[in-house]
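Just below is one structure, and these are the notes that go with it.
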Amino acid sequence: MENVISVENVSMVFNLANERIDSIKEYIIRALKGNLNYEPFVALKDVSFQIGRGESVGIVGANGSGKSTILKCISGIYKPTRGKIRTKGLLAPLIELGAGFDGDLTARENIYLNSAIMGLNQKFVESKFEEIVDFSELRPFLDVAVKNFSSGMAARLGFALASVVNPEILIVDEILGVGDAAFQKKCGEKMEQLRSNNATMLLVSHDINQVKAQCDRAIWLKKGVLVMDGNALEVCEAYENWTKNHSAFESEASS
Amino acid sequence: MINSLYTYFRGLVKYRWLLRQLIARDNKVKYKRSLLGYAWSILNPLLMMSVMTAVFSGMFRFDIPNFPIYFICGNLIFSFFQESTTMSMGSIISNAGLLKKVYIPKYIMPLSKTMSSFVNLWYSLVALFLILIVTRTRFQWTLLLIPLPLLYLFFFSFGIGLLLCVLATFFRDALYLYNVFITALMYLTPIFYPISAVPDVIKKIIYWNPLYYFVLMLRQLVLDGTLPTLKLHLVCISFVVISLTVGLTVFYKNQTKFFLYI
Ligand SMILES: Nc1ncnc2c1ncn2[C@@H]1O[C@H](COP(=O)(O)OP(=O)(O)OP(=O)(O)O)[C@@H](O)[C@H]1O
Ligand SMILES: [Mg+2]
C-alpha cells in the first residue's frame with residue numbers, strides 16, 4: 001500500500017518562555033537575570049507513523065495529549081521542531097470549527113473566502129456553490145453574518161466546504177460533535193463516499209464510538225508520546241480501560 | 001535560495017483569489033462605518049494639502065512654486081509608505097487566529113496589506129489631478145510615467161513591510177518604536193520644505209532616505225515635466241533590490257517560527 005502520510009520521529013517543543021517574551025523590556029530583564037532558557041514544553045515526543053492510501057485512522061488521547069498538534073503539523077500549519085512529515089495529494093484540513101470564517105461576513109461571502117483560503121479557484125467554487133449550499137442545508141441563512149450562526153450551523157458550512165473538493169486526505173479535528181444527529185449521519189455517509197473513492201481519513205474524536213465505527217485503525221497519544229497504534233477496536237478498548245482509572249493531567253508516577 | 005523562493009511564490013498564482021478577497025475586505029473594513037467611504041481616499045490628501053498650504057503660505061514661507069502640487073506629491077508617497085509598512089508590520093499578529101488554524105502562505109498577509117494600500121494610493125491620485133486642474137497647472141506628458149515611481153515605491157515598501165513584520169511578530173515593542181521612527185522619517189523627507197532649505201548636515205541624512213528619491217522622481221514627472229535621469233532610476237532600483245532581498249530573505253527564514261510567537 002502506498003503511503004500518503006508519513007510522520008518520522010516528529011517532536012514538537014513549545015518554548016513557553018519564548019511565547020511570553022514578546023517585548024524588548026521583558027527580554028532585557030530576563031537576559032539580565034540570566035533565565036532566558038525556560039523549561040521547554042514537549043507537546044509531541046518522537047512520534048512516527050505511516051498512513052497508507054485509503055486508510056481511515058482515528059487519533060485518541062486525553063486533553064492536551066497532542067492530537068491537534070500532530071494534525072496541525074501534518075497540515076503544514078505548524079513546523080515540527082524535529083522530524084519529518086511528508087504528505088501526498090490534496091489535503092483538506094478541518095482543524096477547528098469555522099477556522100477560516102470571518103464572523104462579520106455572510107455565509108455566502110464566507111464560502112468564497114474559505115474556499116480561497118483552501119487554495120481553490122473561483123471557477124471551481126462557483127460551479128460547486130449550489131452543492132455546498134445544499135449539503136449544508138443553510139440556504140435560508142445564506143445572507144446572514146456567520147457570527148450569528150449557531151456552532152452546529154458553522155460546522156455544517158465548514159464540513160460542506162471541505163468535502164466538496166473531494167480531498168485525497170481529509171483531516172477532521174472533532175468538529176462534527178456539534179452537528180445534530182441528522183447532520184452527523186450525513187457527514188458519516190459523505191465520509192464513507194470519500195473513502196470508497198480511496199480517500200485517506202484522519203480523525204480526532206473524543207467520541208470513542210465514532211472512532212470505532214468509522215476507523216479501521218487508531219493511534220493513541222499520551223502526553224505527546226505514541227503509546228499504541230493498531231486495530232481501532234483494540235486501541236479504543238485499551239484507551240477506554242486506561243481512562244477509567246486515570247485523568248489527563250495526573251503525574252506520571254500514578255499512570 | 002532563489003529556487004526555493006521561486007517555489008514559494010508560485011503559490012501566488014494559487015492564492016491570487018484569496019489575495020483579491022483580502023484586499024477587498026481591507027478596504028471595506030476601513031471605511032465600514034463612514035458616510036463618505038472611499039471618497040476619503042481622495043478627500044484626505046485634499047484636506048491635508050489645504051491645511052498645509054494655509055500654514056505655509058501664512059506662517060512660514062519656503063520658496064516653492066506651486067506649493068499644493070509640491071506638497072501633495074510628497075504626501076502621497078509618504079502616506080503610502082507609512083500606511084503600507086505599518087499595516088504589514090502587524091499583519092501576522094492580527095491574523096494569528098487564522099494562521100494557527102489553517103495553512104496559508106504567510107507572506108499573503110503583508111502582501112495583501114501592501115496591495116490594499118496601493119489601491120488606496122491610486123484613488124489618491126484623483127486628488128492630485130483635481131489639484132492640477134484647480135491650480136491650472138500644465139498637464140505634462142510625463143504624467144503618463146507616474147506609474148513608474150509608484151511601482152518602485154510599492155516594491156520598496158513591500159520589502160520593508162516584510163522585514164518589519166518579522167520584527168514585530170517576535171517583538172511587539174517594535175510596533176511602538178516604529179511609530180516614533182516614522183515621525184522622524186516624515187521630517188527627514190522633503191514633503192513640505194525644499195531640500196535647499198535644510199542645513200548641510202541634515203541634507204547628508206536626507207540623501208540616505210530612499211523616500212526622498214521616490215518623491216523627487218514623482219515631482220519631476222508632475223511638476224517639472226522632465227524625464228528622470230538614468231542615475232535617479234538606478235538609485236531607486238538599488239533601494240528596491242536591497243529592500244526586497246533583505247525583506248524576502250529574513251521573512252522566508254523566520255516564517256516557520258511565527259506560530260510559536262502568535
Ligand atoms: N501554540 C502553542 N503554544 C504553546 N503550547 C501549545 C500550543 N499549541 C498546543 N500547545 C500545548 O500542546 C499540548 C497539546 O495540545 P493539543 O491542542 O495538541 O492537545 P489535544 O490533544 O488536541 O487536546 P484536546 O483533546 O483538548 O483537543 C497542550 O498542552 C497545549 O498547551
Ligand atoms: Mg484538540
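The values are calculated or read from the model by the stated rules, or taken from the named source; none is laboratory data. This structure is a prediction, so every number in the text was calculated from the model and none was measured. Cβ sites come from the backbone with ideal geometry, for glycine too, and all protein chains shown count toward neighbours. All accessible areas refer to the heavy atoms of the entire protein, side chains included, with ligands and DNA or RNA removed. Shrake-Rupley method; radii C 1.70, N 1.55, O 1.52, S 1.80 Å.
Quick notes on this one:
- Answer from A:160, A:92, A:155 - the residue that is closer than 30 Å to residue A:49 by Cβ and within 16 Å of ligand 2 (Cβ to nearest atom): A:155
- Those residues of the range B:1-29 which are charged (D, E, K, R) and buried (at least 17 other Cβ atoms within 10 Å of the Cβ), in sequence order: B:25, B:26
- For the range B:130-151, the set of residues classified as surrounded by fewer than 16 Cβ atoms within 10 Å (Cβ to Cβ), of a type in the set (A, V, I, L, M, F, W, C) and over 14 Å from the mean Cα position of the chain (by Cα) consists of B:130, B:133, B:134, B:139, B:141, B:143, B:144, listed by residue number.
- Test: residue in the range B:30-47 that is more than 10 Å from chain A (Cβ to nearest Cβ), within 23 Å of residue B:105 (Cβ to Cβ) and surrounded by 15 or more Cβ atoms within 10 Å (Cβ to Cβ): no
- Condition broken by residue B:253, with the remaining ones in (1) at pLDDT 95 or above; (2) open to solvent by 50 Å² or more (accessible area, probe 1.4 Å); (3) of a type outside the set (Gly, Ala, Ser) satisfied: (1)
- Scope the range A:240-250; condition modelled with pLDDT of 90 or more and either exposed (fewer than 13 other Cβ atoms within 10 Å of the Cβ) or touching a strand residue (DSSP E or B) at 6+ places or on another chain (Cβ under 7 Å) (or both); matching residues: A:240, A:241
- Subset of the range A:44-96 [away from ligand 1 (no atom under 16 Å from the Cβ) and over 29 Å from residue A:189 (Cβ atoms)]: A:48, A:84, A:86
- Yes/no for residue A:64 being within 16 Å of ligand 2 (Cβ to nearest atom), open to solvent by 20 Å² or more (accessible area, probe 1.4 Å) and part of a loop (DSSP other than H, G, I, E, B): yes
- Looking across the range A:177-206, the residues that are touching a Cys at 6+ places or on another chain (Cβ under 8 Å) and within 15 Å of residue A:92 (Cα to Cα) come down to A:201, A:203.
- Filter result for residue B:154 (out of contact with any Pro (no Cβ under 7 Å at 6 or more places or on another chain) and either closer than 30 Å to residue A:12 by Cβ or among the charged types (D, E, K, R) (or both)): no
- Looking across the range A:127-151, the residues that are in contact (Cβ under 8 Å) with a residue 24 or more places away in the chain and open to solvent by less than 30 Å² (accessible area, probe 1.4 Å) come down to A:132, A:133, A:136, A:138, A:142, A:145, A:146, A:149.
- Set side by side, the residues A:172, A:146 differ, and just one is closer than 27 Å to residue A:123 by Cα, within 16 Å of ligand 1 (Cβ to nearest atom) and within 14 Å of chain B (Cβ to nearest Cβ), which is A:172.
- In the range A:72-118, residue least open to solvent (accessible area, probe 1.4 Å) [restricted to those that are facing another protein chain (nearest Cβ under 10 Å) and of a type in the set (Lys, Arg)]: A:72
- Of the residues screened, residue A:47 is not one that is more than 16 Å from ligand 2 (Cβ to nearest atom), modelled with pLDDT of 90 or more and away from chain B (no Cβ under 14 Å).
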